[in-house]
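Please treat every number below as a calculation from the coordinates, not as lab data. Owing to the predicted nature of the structure, the values given are computational and were not obtained by experimental measurement. Here the Cβ is made from the backbone with ideal geometry for all residues, glycine too, and neighbour counts use every protein chain on show.
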Amino acid sequence: MTDARQRDPTNASEPPEYFASLAQALPDLVTGGIASRTLFRAHGCKVTLFRFDAGQGMTEHTSGHAATLQLLEGTMRVRVGEHTVTMRAGSFLGLEPRVPHALDAEEPALLLLCVTAP
């Protein structure tokens, strides 16, 4: 699947980015892996959908930008600094810039990430 195209915000004739089902926007589970698709990118905002197989994750890292995580399906363990939270479908987590964090999917998971730039 392709990533979101760069849009011309002044062109009102362009259709908006619309997904009737986020689960269908990234339907394929990569066995033993992670799949991702950028859904929207404009004016310092990037929205990416991730599908993790059980046991997959992201090692500890930081970002220079604030971010939000919304878990749409599954269960994930997320370490933020010295704290660990268990996210379940429907949960939300906000991350400040430059805070170390890591993610581990306890079961197949669908995660929506929004990264903002100042």
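Read phi for every residue in segment 63-76 and hand back ³J(HN,Hα) as whole Hz from Karplus 6.51 cos²θ - 1.76 cosθ + 1.60, θ = phi - 60°, with x for Gly and Pro.
9, x, 10, 5, 8, 10, 10, 10, 8, 9, 9, x, 9, 9
For the chain, what is the Kirkwood hydrodynamic radius in Å, using each pair of distinct C-alpha atoms?
Result for the chain stands at 15.0 Å.
Which order, highest average first, do 23-32, 107-116 follow once you tally other Cβ atoms within 10 Å for each residue and take the mean per peptide?
So the order, starting with the most tightly packed, is 107-116, 23-32.
Per DSSP helix of 4 or more residues, -39500 (n - 2.57); summed, then divided by the residues of the chain. What does that give at 222 nm, rounded to the nearest 500?
Here the helix-only value at 222 nm equals -500 deg cm²/dmol.
Could you sort the peptides 65-77, 37-49, 87-99 by per-residue average Cβ neighbour count (10 Å cutoff), highest mean leading?
Per-residue Cβ counts within 10 Å, averaged per peptide and sorted highest first, yield 65-77, 37-49, 87-99.
Residues with beta-carbon under 11 Å from that of Val99, excluding Val99: net charge, scoring Lys, Arg +1 and Asp, Glu -1?
Neighbourhood net charge equals -1.
Lys and Arg at +1, Asp and Glu at -1: add these up for the other residues within a Cβ distance under 11 Å of Arg79 and post the number.
Working: positive: Arg77; negative: Glu60, Glu82, Asp104.
My count for the surroundings of Arg79 gives -2.
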